[in-house]
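Structure below; questions to follow.
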Amino acid sequence: MIDKFPHYIEFRHVYKTFDYPVLVDACFHVDPGQTVAVIGRSGVGKSVSLGHIMGFLKPDKGQVIVAHNDITEYPETRLREIRRKVTMVFQNGALFDSLTVADNILFSLELREDYDQQNKEDVVDGLLRMVDLQEFKDAFPTDLSVGHKRAVAIARALAAQPECVLYDEPTTMVDPIMSAHLTELMLRLKSQLGLTSVVVTHDLNLMRRVADNVVVLFEGKVIYFGAVSEIDNCEHPHIQEFLAMDRVELG
């Protein structure tokens, strides 16, 4: 499969329409170990792209490659195999409010028959250390800030030992200190675990810090796909406007 589909994730001429075209002839790819950011204004298809990668949505036309497999026509049973390799950190964290932080992470380990209870608890402790949340082990999600909930969601995602993590707006609605913490965490996971990742974000600072390549969506189309280091040289007026708005906000 790897020879046929060398990229870990690839969109090949993907189209998706709801009430209006959301993705139009979208083409981009993510190689193993890479981080690719997907940016653009609200409603341009960023989260819809993540939905296609997870198999929650199917394209009207085109192919979606994930984990070196063409998942375009996969039934739910085969998509479950893909989701063992690719996991998603939702914007709201999607934690269980009735479980402690430790038990939320433990939930991802329940089906691991190769781990005994002590192994599982050791993994939970290790993941909490990795995301700097040891002190919140016995807390409940309702006791946590938005940023801490996202860090717990990342730890829970990592418990499944995925090859790839999808992040949906990881720094939205968090304070600058927590935003910096989440950014450093994502960089650490990339360097230590070699994870492949896709980051949907409005946060251009996050994009510049963590991403190798960037996809810019505008009116459903990919108007830029390339190195983050080269995006400032792109002359597309929408991209220049987007970058200028970010500079104004930072200024």
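Select, from Ile177, Ile231, Ile239, Ile154, the only residue that is assigned to a helix (DSSP H, G or I) and touching a residue at least 60 places away in the same chain (Cβ under 8 Å).
Ile154
Condition check ((1) of a type in the set (Asp, Glu); (2) closer than 22 Å to Ile82 by Cβ; (3) surrounded by fewer than 22 Cβ atoms within 10 Å (Cβ to Cβ)) across all residues:
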residue: Leu158; (1), (2), (3): no, yes, no
residue: Gln161; (1), (2), (3): no, yes, yes
residue: Glu169; (1), (2), (3): yes, no, yes
residue: Ser191; (1), (2), (3): no, no, yes
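Please determine, by comparing only the residues of the range 74-121 that are within 30 Å of Gly62 (Cα to Cα) and aromatic (Phe, Trp, Tyr), which one is modelled with the highest pLDDT.
Here the answer is Tyr74.
If you don't mind, there's one more thing I want to ask. Sort out for me the helices (runs of 4 or more DSSP H) sitting completely within the range 3-112 that have 2 or more residues that are surrounded by fewer than 20 Cβ atoms within 10 Å (Cβ to Cβ) and without any contact (Cβ under 8 Å) to a residue 12 or more places away in the chain.
Per the criteria, 76-85.
Among the numbered criteria (1) part of a strand (DSSP E or B); (2) farther than 15 Å from Gly33 by Cβ; (3) within 15 Å of the chain's Cα centre (by Cα), which single criterion is violated by Tyr224?
Single failed check for Tyr224: (3).
Within the set of pairs 6+ apart or on separate chains, which have a first residue in the range 187-204 that is within 13 Å of Val215 (Cα to Cα) and touching a residue at least 40 places away in the same chain (Cβ under 8 Å), a second that is of a type in the set (Gly, Ala, Ser) and crowded, with 20+ Cβ neighbours inside 10 Å, and C-beta atoms under 6 Å apart?
So the pair list comes out as Val199/Ala37; Thr201/Ala37.
Of the residues that sit in the range 192-213 and are part of a loop (DSSP other than H, G, I, E, B) and out of contact with any helix residue (DSSP H, G or I) (no Cβ under 8 Å at 6 or more places or on another chain), which one is nearest to His7 (Cα to Cα)?
The selected residue is Gly194.
The values are calculated or read from the model by the stated rules, or taken from the named source; none is laboratory data. These numbers come from a predicted model, not from an experiment. FYI the Cβ positions are ideal-geometry reconstructions off the backbone, even for glycines, and counts take in every protein chain you see.
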